[in-house]
Structure formats: C-alpha cells, structure tokens
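Structure first, commentary second.
No value in this document is a laboratory result; all are computed from the given coordinates. Every value quoted in this text rests on a predicted model; they were computed, and no experiment measured them. Reconstructed Cβ throughout: ideal geometry from the backbone, glycine too, with neighbour counts over all protein chains shown.
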Amino acid sequence: MTERRTARTVHKEAAQWAARADRGDLTSAETQALDAWLAADPRHRGAYARAAAIWSTLDRAKALAAPVHLKVARSRRGWGLAAGAAALAAVAAAALVSVQVFPRSSAAYETVVGEVKHVALADGSSADINTNSALSISMTPRARAVALERGEAWFKVAKNPSRPFIVSAGDIRVRAVGTAFAVRRMSGGAEVHITEGVVEIWSTAAPGVRTRAPAGGRLYVPASGEGPRSLAGRGGVDEGLAWRQGRLALEGMSVAEAAVEFNRYNKRRIVVADPALGRKGLVGWFRTNQPEHFAEVVGQTFGAPVTTDATTIRLGAPPHER
Amino acid sequence: MERLRQDVVVWIGREIIPHEPAVRAWLKRNAPSSIEAEDILQEAYCRLSDLQSVEQIANPRAYFFSVARNLLLNAIRHARVIRISSITDLELATLDDGQPSPERVVAGRRELERVRDLLASLPERCRRIIEMRKVEGLSQREIAERLNVTENVVENNVSRGLRFLSKAVSEDPIAPSRAPGKDHDRTKNSKNRP
C-alpha cells in the first residue's frame, strides 16, 4: 500500500467483500484477492469481521417472517396494520386478565458469572438478579412464592395484602406484603437487606421465631433458627445493594472478604497468598467487573506484590517466599 | 465466510456491535487529534475476530472498551509525539461506560426490534433483496433468477445494504429512533400491560 486509506474506504471494501463472500462461489482468483486484501492491514480484517457480524445479525429476521410478513411491513401502511394487530392482541389479553384476576404462572431465571438481570414478574413486582444466581417463581391465587436456588436477588414487591410474597433461601423464609428487599443465599443461612417497608423473617428450623425487620436493615439470618444478626458494620443498605449498579462497596471488609466478593462476579479469581495481607481492612467503591483495579489498589496501599495471569490474580507473596 | 469463526462473528453481532457508539464516543473524547477513532475501532474488531473462544468473556461491553483502550495506548506510544503526561491521564481515566447494567439485558431482548428497525431503514430495493436473502432464505443466485436481474446486481445491492446498515449501527443501535405517533404509543402501552 502506498498511502493510508480512510476508514470509510475500508468499510466500503469490507461491505463489497462480505457481499461477494455471501454469494458462496468465490473463484480462486477472488479467494486470493480477498486473502491478500485481508492480510494487507489489520483494519481490513476488523472491518470485514464487523460487516460479517452485521450480516449475521440479520439472520434474526427469520423470526419476523412468521407473525407479520415483511412484504407487508415494507410500507408505512404495513406498520399501521401491524400496530392494529398488536392493539387487538392487547384487547384480547386485557379480557383474559379481567376474567382471571390472579393468573397462575411459573417462571425460572438464571444469571451467569458477571451478569445482572432485571426481570418483570407476572404480578407487577420486579426482581434484579445478581451474578451467578438462579431462582424460580410460582404465582398462585393465594401466594407468590420465590425459591432462591443460588445467589442473590433484590425484589420490588407489588402491594397485595391477600397474596403474600415469600422468598425462600434454603431454610430461610422472608415474607413481604408490599416492600423492596434483597435476599442472598449463603451456605448456613441468608443475608437480607430491606430497602422499603417491613419484612418478616424466619427459618424453617424454628418457624415460631419470627423477626420483623424494618427498612434500612441489613441482617444475617442463620438457618439454625437463632435470631438474625445485624450487619450494620458493613455500611447501609445502599452499600449492600451496590451490585445493582455494577459496583461493590468494601465497607469494613478485610482484603480476604473482598476477594471472595470479587470472585462472585468474575471468572478470573483473586487469590490472597499472604494471610496477613488478607486480614488488612479496606474501604472503597469498586466495579464488580474490575478485580484488576482492586488488586492494583491493594498492591499500592499495602506495598504487596501482585501477579496476574489469564485465570488468577495473586495478591501478596506466600510467607515462605519472603 | 470461512476466514472468520462463525460463533465469534455471531457474538460480535449480538454482544459487541450494540456498544460501538459508546466505545466510539469514548475514543473520540480520549484520542489525540493525530489518531483516528475509526482506525482504532477497526483494529479492535480485528482483535475481537481473532478470539478463539468467547464464552469466558462475562462482560463483552467492558471487554470491548478495554481492547479499544489498549489499542489507543499503543497507538499513542507508537506516535511518540505525545507528552508522557497524557498517557498517564489516559491510563488513569476510568472506563465509566464499562459497567454492566440491568438495561443491557433488556436491550438484548429488544434485539428483534432492532433488526426490524435496521431493515426498515434500508432503501426499497436493498431491503427487498436482503429480505429475500435473510427472511425467505434464498441464495443470491435464486434471488437474481426470481427478480430477473444478474447476480452482480444482487451482490451490489447486498453490498450497498451492508453499507447502510454499517452506518445505522454506528449511530445508535440500542435505541433506534422511532417514527413518532402510533408506533411509539404502542411501545409505551405494551409496557403497562400485565
């Protein structure tokens, strides 16, 4: 190449090559020309991959074919027809709801490591589901039951006194009428953070022992049936629910505890190799998806070595290496 | 397109391209005038297309940002005309846009809507041909026969359509601009329905 070509030229050529490749019958001369073009500049390869990716997105268009045929959708009048059909469907749905005031339904949701998902529930409530979590929801005329199989979720509960909303996390039960709260399932119990209203908490080990906890509370509830313990030393409810904004508040946590928190959100694990470093205290807000940044801060604050590879971030040197 | 891994291409289409406007805006804010944001983006797509697997990338948006940032840092170092202080500033600049948000998943569900809007934005002839290719699943040759035109005409329309789409996704694919009136009202109402 004699001169650097503009991004626009590169995009145009990439579109031409992607269209040619889509024909599916490249001649050997064309194949050679394409390979030469791709090899000439990494930007060519990038623009070609991007064009191919945009082209692949359109495969989703097949799903559009069934309900509203695209031939109809070509004109603005076509969109009007589609809107009319949607309006009819809405009327039908409304009629259905007025007959069945509390429709029965069930649903299951899951998130992968690092994902936070917002879901709207059938009764008008909603849930923000944290990293690596699974829950199932069963709605009946008498009750709204959520089983937290794993992980953590925050619930904004639509008020309905005749239909209690109960979250179960192992042996722990949290019952709300109209409120917002989060439950995190742990091995020996659950953490409950109340953002609005009042919840009632108990363990199936001692169903008679019930605690009413008001907004602002952060509690650890052991499965054993002993009463809940306050987690006030860990900051307020806002700190506990920072994950909803993709953040982590390390209020009063040790380095080792913070590492456990980061490892909930990332496949790259933080390993605290030096136990003394693990006991140091730390305060600060971090992004849940940036364990590297946390490691850097720990390294700088405590003068600890940080070694990183593809799967692990190691904080501190093990005692025998020092 | 055997030169690219098909799973990676699909992943780029679903998980990366929707964030392109945000990454471009970040690059434009942070790149010195001697470096073109568009060049960095094309190189970023090259890096992404070389990935051997994508399952391990939990947050594609943050990953896209970090690839773009590293390429920008390299370009700045390479240029050797920038004072060291500006490199330090850039390294310290937090990638505020890199956070995952609950909306991200909602946006994913709107993907079909996005494809529909993308198709709707095409000129008539391009759209007809791309619909025949992607919705009806005809090959370029079959489309040429059906429309009684040469295969070159079909290919040129695919290429032209791709250029339109390329421009459309670079603008704002997550929140496509909507026609005012009924269409907009319908979207609003559907939210309130149980």
Please work out the FRET efficiency for the pair A:Ile166 and A:Val113, using the Cβ-Cβ distance as r and a Förster radius of 45 Å; give the result to the nearest 0.05. 0.95
Which whole number gives the average, over all residues in A:15-26, of C-beta atoms from other chains lying within 10 Å of the residue C-beta? 6
Averaged over A:304-310, number of beta-carbon atoms from partner chains that fall within 10 Å: 0
For B:122-132, mean number of other protein chain Cβ atoms within 10 Å: 2
Length gain on complete extension for the stretch A:Arg229 to A:Val271, per 0.36 nm per residue less the alpha carbon to alpha carbon distance? 12.3 nm
Quick one: compute the contact order of the range B:5-74, relative version, from alpha carbon pairs under 8 angstrom and 6+ residues apart, as a percent. 47
Express in nm, to one decimal, how much length is gained between A:Ala147 and A:Thr31 on full extension, taking 0.36 nm for each residue of separation and deducting their alpha carbon distance. 36.2 nm
If you plug each phi of the range A:161-173 into the Karplus form 6.51 cos²θ - 1.76 cosθ + 1.60 with θ = phi - 60°, what whole-Hz ³J(HN,Hα) values come out, in order, with x for Gly and Pro? x, 7, 9, x, 10, 10, 9, 10, 10, x, 7, 8, 10
Could you sort A:39-46, B:147-154, A:53-60 so that the peptide with the highest average Cβ count within 10 Å comes first and the rest follow in order? A:53-60, A:39-46, B:147-154
Work out how much length A:Ala205 to A:Thr6 would gain on full extension: take 0.36 nm times their residue separation and subtract the Cα-Cα distance, in nm to one decimal. 64.7 nm
Ranked output for segments A:249-260, A:307-318 by mean other Cβ atoms within 10 Å, highest leading, reads A:249-260, A:307-318
For the range A:104-165 (alpha-carbon point model, no solvent) the Debye-based log₁₀ I(q)/I(0) at q = 0.27 Å⁻¹ works out to -1.16
Quick one: which of B:124-132, A:224-232, B:37-45 comes out on top by average Cβ neighbours within 10 Å, and what's the full order, highest first? B:37-45, B:124-132, A:224-232
Taking the Cα centre of each part, how many Å lie between the range A:218-282 and the range B:132-163? 57
Could you check the simple spin-label distance between A:Trp285 and A:Ser138, using points 7 Å along Cα→Cβ, in nm with one decimal? 4.0
